[in-house]
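Written below as structure tokens is the structure these notes are about.
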């Protein structure tokens, strides 16, 4: 059931390609990012000066892995005319996983590490792989989830600076950040697909997600006065997936879809799951490893009791 839901989610995302692009606001990147090799990249300085192609990916995204050889060929073909970057979402990543794929596919394309979603946050997309083409005037002229002939055609046009706006997914106004309430609060970030999609790719990550879910459930049930803000990422997730997730695990507390990962980025998280203890709006504890759930529960309880 969950697998079919994910497939349906990706189909819905693909169908968004019939909607005209509407760039709601100018692109806003940080002044400098780093590549995986620790080289600085002034991404904002490139916008409006040179065509740019951003390919968003993650090591644990199977479609992303399959597209890496083709991406390298695209880079070798157009690197003199287009600034091309493989933008890693930098969520649940390890240097070992990136290095392994880099070596396996003999990648020379710069792997740009997103910094707390400040690159991806400019584009509201539902999953990876995701492609963004920006012309020399700094305008987003094409986005797609597909690595196909149409993308190749648009890249050729971009290289000659003749790309015209085509049918692509829309941007929407970002979801405003939610102010943290007074008092003690637990903020929990996870993903509806973390336990099952990661089971074969990263079994330790899948187990970590399940352990975290059980811990949060126990904390909520034993501390009825607890303020809990629970979010799941919007990536690869529709409202039906969220409903299935709540039903599957009999979750007793409200869970909100974190649209465009606004709350995740606000609290500078970069892993699923993450549990953050907040006192009067200030973080006092953060947990991402739930292998020893009993130890984490004890540490969280101490923080909540103010001891």
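The values are calculated or read from the model by the stated rules, or taken from the named source; none is laboratory data. Worth saying up front: this structure is predicted, and the values here are computed from it rather than measured. Every residue, glycine as well, gets a Cβ built from its backbone with ideal geometry; the counts of neighbours run over all protein chains shown.
Among the residues of the range 221-235, the ones that are more than 29 Å from residue 121 (Cα to Cα) and either assigned to a helix (DSSP H, G or I) or under 20 Å from the mean Cα position of the chain (by Cα) (or both) come to 2 in all.
In this structure, does residue 211 turn out to be at positive phi and surrounded by 14 or more Cβ atoms within 10 Å (Cβ to Cβ)? So residue 211 fails the test. Filtered by the rule that a residue be within 16 Å of residue 236 (Cβ to Cβ), touching a helix residue (DSSP H, G or I) at 6+ places or on another chain (Cβ under 6 Å) and buried (at least 21 other Cβ atoms within 10 Å of the Cβ), the range 59-88 gives a lone residue, 59. Scanning the range 123-137 for residues that are over 24 Å from residue 261 (Cβ atoms) and in contact with a helix residue (DSSP H, G or I) (Cβ under 9 Å, 6 or more places away or on another chain) turns up 135, 136. Residue selection: residue 206 satisfies the criterion of being modelled with pLDDT of 95 or more and surrounded by fewer than 20 Cβ atoms within 10 Å (Cβ to Cβ). When restricted to residues that are in contact with a helix residue (DSSP H, G or I) (Cβ under 6 Å, 6 or more places away or on another chain) and modelled with pLDDT under 95, the range 278-296 contains 1. Look through the range 236-264, keep the residues that are touching a residue at least 40 places away in the same chain (Cβ under 8 Å) and outside any helix (DSSP H, G or I), and return whichever of them is surrounded by the most Cβ atoms within 10 Å (Cβ to Cβ). Selected residue: 258.
For the range 271-286, the set of residues classified as closer than 15 Å to residue 258 by Cα and assigned to a loop (DSSP other than H, G, I, E, B) consists of 271, 272, 273, listed by residue number. Only a single item in (1) modelled with pLDDT of 95 or more; (2) assigned to a helix (DSSP H, G or I) is not met by residue 38, and it is number (2). Residues that are under 22 Å from residue 198 (Cα atoms) and buried (at least 19 other Cβ atoms within 10 Å of the Cβ) within the range 275-292 comprise 275, 287, 290, listed in sequence order. Between 295, 218, 199, the distinction of being part of a helix (DSSP H, G or I) and either under 17 Å from the mean Cα position of the chain (by Cα) or under 22 Å from residue 91 (Cα atoms) (or both) belongs to 199 only.
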